Amino acid sequence: MPKILIVGGGYAGFYTALKLERALRPGEAEVTMVDPLPYMTYQPFLPEVAAGSIEPRHAVVSHRRHLVKTKVVTAKVTNISHATKTATITPAIGEAWDVEYDIIVVTAGSVSRTFPIPGVADEAIGLKNIEEAVEIRDRILGNFDKAANLPAGPERDRLLTFTVVGGGFAGIEVFGEMRSLASSLLRYYPTLTFDDTHFHLIEAMGRIMPEVSLKTSLWVIKNLAQRGAEIHLETQLTSAVGGKIEMSNGQTFETDLIVWTAGVMANPVLRNTDLPIEERGRLRVAADLRVINDDGVVPDAWGAGDVCAVPDLTGAGVGGFTVPNAQHAVRQGKQLAKNIIGHLRGDEPREYYHKGLGAVAGLGLGVGAFQSGRFAVTGLLAWFMHRGYHGLAVPMWERKIRVFGNWVLNFFLRRDIVSIEARVTPRHAFEEFASRPKVPTA
């Protein structure tokens, strides 16, 4: 029985495994999926998690609960030797081991791409996983608690100044959601005012959100400005040492939260493989999702999602390749499963072709932007479109129900504003008062 090894359990990997489970005949193949996390993160929900509008666990999908026929391994794949068809699996605890496979599927996703800007590695936080979104939420909530006890001045200003780097979809969405959260918190803090809060977004290009029209992007900028959120275009971050922001336009200010959304890169696990990689570090695949090199197809190797350079046959992609987003990764995973099953049964694989449905962004409660071709919608209707699309797109019905249920409860009860910052030091309260053995005296 052929052994299929799936490296990565994000959108593409999860959907590949799910569709294989549903379509493979008994005994037709054995599927193993390896990922360092026990869940798939629905990343379009991360901005709303950061704003307290979605419960963190509702934005992730358990591998083991939903992949009942797949062997799920919670560990890292640290090496792939396709020449010998072996992969090294390294768990968080214990010794690494090698596994043999017949077919490999690389869906390892992407990680945040940063630049060697002083202070960024020490001060900033990304927005690629659920833990980062929860930290952003708790930092904002905790900073309001601290600032409420301080007089007006530099220390309070720093706590209430929030910065996002990167004006793509992820950056603009989390920027708008953070602003929305901060505005809603003011009712609970009578010592703080709207003017005490400061929001800055830094974007090196001359515009934001390249996926939408210039007119729509200008509407977003205007809307955010009216809500007290400032966007610095054609501006680069030059330093963030100690939380002091220095920009190429000469402006400086201090901030307690820096969210980095200025790009992604393919998972570096590819560096430890003998599979073909293109100049940007992505896995080379054909339109049918088979891995290719200069000589043609690499037998028994497949790939999909952000980790791969997948040709965009619609001609709408960047540089001829599909953009790294959930819309493509999910559909590529489904097509990949079909192609693998067809391959096992002697059929030719089909090429991946998907014309984007458009782009929709949530910018805080009641505010959104949608673009499909020349057609654009902004404001409340676009916000409902955003929630409707992603509420139905999150995998598995039990997750959809939880998300929609939470939104309904928030409508009547308002979003939850409880910060659980102490989760990062859970033993502190116990240790503080724990009895310890007396040190014997000489």
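The values are calculated or read from the model by the stated rules, or taken from the named source; none is laboratory data. Being a predicted model, the structure only gives us computed values, none of them experimental. Every residue, glycine among them, receives a Cβ derived from its backbone with ideal geometry; neighbour counts consider all protein chains shown.
Find the residue count for the stretch 63-111, including only residues that are touching a helix residue (DSSP H, G or I) at 6+ places or on another chain (Cβ under 9 Å) and surrounded by 14 or more Cβ atoms within 10 Å (Cβ to Cβ).
First, pick out the residues of the stretch 63-111 that are touching a helix residue (DSSP H, G or I) at 6+ places or on another chain (Cβ under 9 Å): 63, 65-70, 72, 74, 76-80, 88, 103, 105-109, 111.
With surrounded by 14 or more Cβ atoms within 10 Å (Cβ to Cβ) added as a condition, the list becomes 63, 66-67, 70, 72, 74, 76-77, 79-80, 88, 103, 105-109, 111.
Residues meeting the conditions: 18.
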Q: Report, by residue number, each residue of the stretch 33-44 that is part of a helix (DSSP H, G or I) and touching a strand residue (DSSP E or B) at 6+ places or on another chain (Cβ under 9 Å).
A: Pro44
Q.
Just to check your reading of the model, which residue among Tyr101, Tyr11 is under 23 Å from Ile136 (Cβ atoms) and hydroxyl-bearing (Ser, Thr, Tyr)?
A. Tyr11
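Could you list all residues from the stretch 123-139 that are assigned to a helix (DSSP H, G or I), under 13 Å from the mean Cα position of the chain (by Cα) and closer than 10 Å to Val259 by Cβ? Even if it seems obvious, please write down each step before you answer.
Residues of the stretch 123-139 assigned to a helix (DSSP H, G or I): 123, 130-139.
Add one more test, that the residue is under 13 Å from the mean Cα position of the chain (by Cα), and what stays is 130-134.
Result: Glu132, Ala133.
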**Q.** Hits in the stretch 344-394 - residues which are of a type outside the set (A, V, I, L, M, F, W, C), assigned to a helix (DSSP H, G or I), out of contact with any Pro (no Cβ under 6 Å at 6 or more places or on another chain) and touching a residue at least 24 places away in the same chain (Cβ under 8 Å)
**A.** His386, Arg387, Tyr389
Q. Between a first residue in the stretch 47-74 that is within 22 Å of Trp383 (Cα to Cα) and a second residue that is crowded, with 24+ Cβ neighbours inside 10 Å and of a type in the set (Lys, Arg), which pairs have beta carbons less than 6 Å apart while being 6 or more apart in sequence or on different chains?
A. Ala50/Arg137; Gly52/Arg137
Q) List the pairs whose first member sits in the stretch 185-205 and is in a strand (DSSP E or B), whose second member is of a type in the set (Asp, Glu), and whose Cβ atoms are under 6 Å apart, counting only residues at least 6 apart or on separate chains? A) His200/Glu230
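Any idea how many residues of the stretch 143-182 are closer than 22 Å to Ser217 by Cβ, of a type outside the set (Phe, Trp, Tyr) and more than 19 Å from the chain's Cα centre (by Cα)?
Within the stretch 143-182, the first condition is being closer than 22 Å to Ser217 by Cβ, and the residues that meet it are 162-180.
With of a type outside the set (Phe, Trp, Tyr) added as a condition, the list becomes 163-168, 170-174, 176-180.
Pick out the ones that are also more than 19 Å from the chain's Cα centre (by Cα) and you get 179-180.
The total comes to 2.
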Q) Out of all the residues in the stretch 254-266, is one or more at pLDDT 95 or above, surrounded by fewer than 20 Cβ atoms within 10 Å (Cβ to Cβ) and not assigned by TED's automatic domain parsing to the domain that holds Asn339? A) yes
Q | Failed item in (1) touching a strand residue (DSSP E or B) at 6+ places or on another chain (Cβ under 9 Å); (2) part of a loop (DSSP other than H, G, I, E, B); (3) within 25 Å of Lys334 (Cα to Cα); (4) not aromatic (Phe, Trp, Tyr), with Ala92 passing the rest | A | (3)
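Just name the residue that is nearest to the chain's Cα centre (by Cα) out of those in the stretch 390-442 that are among the basic types (Lys, Arg) and closer than 30 Å to Leu186 by Cα.
Restricting attention to the stretch 390-442, the residues satisfying the condition of being among the basic types (Lys, Arg) are 399-400, 402, 414-415, 423, 427, 436, 438.
Subset that is closer than 30 Å to Leu186 by Cα: 402, 414-415, 423.
On the way: Arg402: 20, Arg414: 25, Arg415: 22, Arg423: 21 Å.
In this case the residue turns out to be Arg402.
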Q: Answer with yes or no whether Leu381 is surrounded by 10 or more Cβ atoms within 10 Å (Cβ to Cβ), in contact with a helix residue (DSSP H, G or I) (Cβ under 8 Å, 6 or more places away or on another chain) and hydrophobic (A, V, I, L, M, F, W, C).
A: no
